[in-house]
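A.B. asks: Supplied in structure tokens, the structure appears directly below.
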Amino acid sequence: MNNNGSVTIKYINKNIAEITFFHPAHNSLPSNLLKKLAENITAVSEQKEVAIVVLKSGGDRTFCAGASFNELVAISNEQEGKTFFMGFANVINACRKSNKIIIGRVQGKTVGGGAGLAASVDYCMATKFAAVKLSELAVGIGPFVIGPAVQRKVGLAGFTHLTLNPTEFKEASWAKESGLYDEVFETTEQLDEAVITMAKKLAATNPAARAALKKVFWKGTENWDELLAERAAESGRLVLSGFTKATLARFNKA
């Protein structure tokens with residue numbers, strides 16, 4: 001693992017693809033890693049021998065701190081803004097379009113776009129340390145791109161609560177009760193054992209049934225290519241506003 005971060009694929013029993021992303025800045029995801037992540041999800045989805053995908057991050061404390069703050073601050077025009085926010089849109093859509101069941105492994109805190117990733121898998125397993133926060137409003141924007149994915153899991157009430165409390169972490173137990181997490185474990189070791197056990201059990205089921213169920217799970221999201229692009233453009237405009245620029249400058253000095 002290097003200072004620029006990485007996205008790697010490991011195969012378990014040849015039919016389980018484990019995709020791991022890592023970045024030394026609390027597993028934040030700059031544009032290059034988001035691109036690789038979306039590409040790898042799409043690539044393993046096209047591999048016939050792969051039955052199940054596990055999406056995880058490296059390290060212990062943080063699953064994902066969201067998008068790169070340095071890149072956010074550097075945005076200078078609307079096209080750059082849209083391109084920046086399309087990073088997470090592309091990953092969400094890669095998960096949505098995959099014909100594979102994707103299991104999420106969330107070992108620690110997840111913030112902003114990280115919550116979008118957790119909401120984009122089909123079955124999400126976490127530790128009790130995996131608190132969640134949507135911090136976007138605190139920096140002058142909003143969780144527009146990841147909003148549809150998060151709302152799909154926790155409902156409008158849960159999404160509203162997270163969005164309007166941008167400095168407040170909600171505990172993993174809240175995320176489970178709200179539908180973001182399916183199971184919560186005491187330790188990372190228990191989480192890892194449960195993820196692999198479930199992946200192996202699912203890999204032994206009927207491939208045609210899994211693919212058909214994937215379509216059922218994501219029914220009603222067929223317009224997300226256009227919707228998330230619109231949301232990315234909206235975020236790209238907002239990040240250039242005077243209010244947001246001033247807010248980001250304060251955060252950058254803190």
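We did not get these values from a lab; they are worked out from the coordinates using the rules stated. Remember, it's a predicted structure, so these values are computed and weren't measured experimentally. Because the Cβ atoms are built from the backbone with ideal geometry, glycine has one as well, and the counts that use them run over all protein chains shown.
A.B. asks: Tell me, what is the FRET efficiency for THR8 and GLU168 to the nearest 0.05, using R0 = 30 angstrom and their Cβ-Cβ distance as r?
C.D. replies: Efficiency, from the Cβ-Cβ distance: 0.35.
A.B. asks: Suppose each label sits 7 Å from its Cα in the direction of the beta carbon; what would the GLU193-GLN47 distance come out to in nanometres?
C.D. replies: My value for the distance between the label points is 2.7 nm.
A.B. asks: Distance check, please: which entries in LYS35/LYS109; LYS48/LYS201; LYS56/LYS109; LYS170/LYS215; LYS82/LYS219; LYS35/LYS200 exceed 24 angstrom between their Cα atoms?
C.D. replies: Among LYS35/LYS109; LYS48/LYS201; LYS56/LYS109; LYS170/LYS215; LYS82/LYS219; LYS35/LYS200, the Cα-Cα distance tops 24 Å for LYS170/LYS215; LYS82/LYS219; LYS35/LYS200.
A.B. asks: Hey, another quick one. What distance in nm lies between label points placed 7 Å from Cα along the C-beta direction at LYS128 and ARG250?
C.D. replies: The modelled label-to-label distance comes out at 3.6 nm.
A.B. asks: Ranked by Cβ crowding within 10 angstrom, fewest neighbours first, how are ILE12, ILE41 ordered?
C.D. replies: ILE12, ILE41
A.B. asks: Any idea what the relative contact order of the chain is, in percent, if you count C-alpha pairs under 8 Å spaced at least 6 apart?
C.D. replies: Computed over the chain, the figure is 21 percent.
A.B. asks: Arrange the peptides 233-244, 24-35, 196-207 so that the one whose residues have, on average, the most other Cβ atoms within 10 Å appears first. Mind dumping the intermediate values first?
C.D. replies: On the way: 233-244: 16.7, 24-35: 19.3, 196-207: 14.5.
Averaged packing, sorted descending, gives the order 24-35, 233-244, 196-207.
A.B. asks: If the reach is capped at under 16 angstrom between alpha carbons, list the aspartates and glutamates near LYS214, excluding any in the same chain fewer than eight residues apart.
C.D. replies: Excluding near neighbours in sequence, the set is GLU46, ASP122, GLU222.
A.B. asks: Before anything else, pin down the relative contact order of the range 1-105: Cα pairs under 8 Å, at least 6 apart, normalised by residue count, whole percent.
C.D. replies: 32
A.B. asks: Just grab the label-to-label distance for LYS201 and GLU78, each label 7 Å out from Cα along the Cβ direction, in nm (one decimal).
C.D. replies: 5.0
A.B. asks: Please report how far the C-alpha centroid of the range 14-80 lies from that of the range 176-204, rounded to the nearest whole angstrom.
C.D. replies: Spelled out, the Cα-based centre of one part sits 20 Å from the other.
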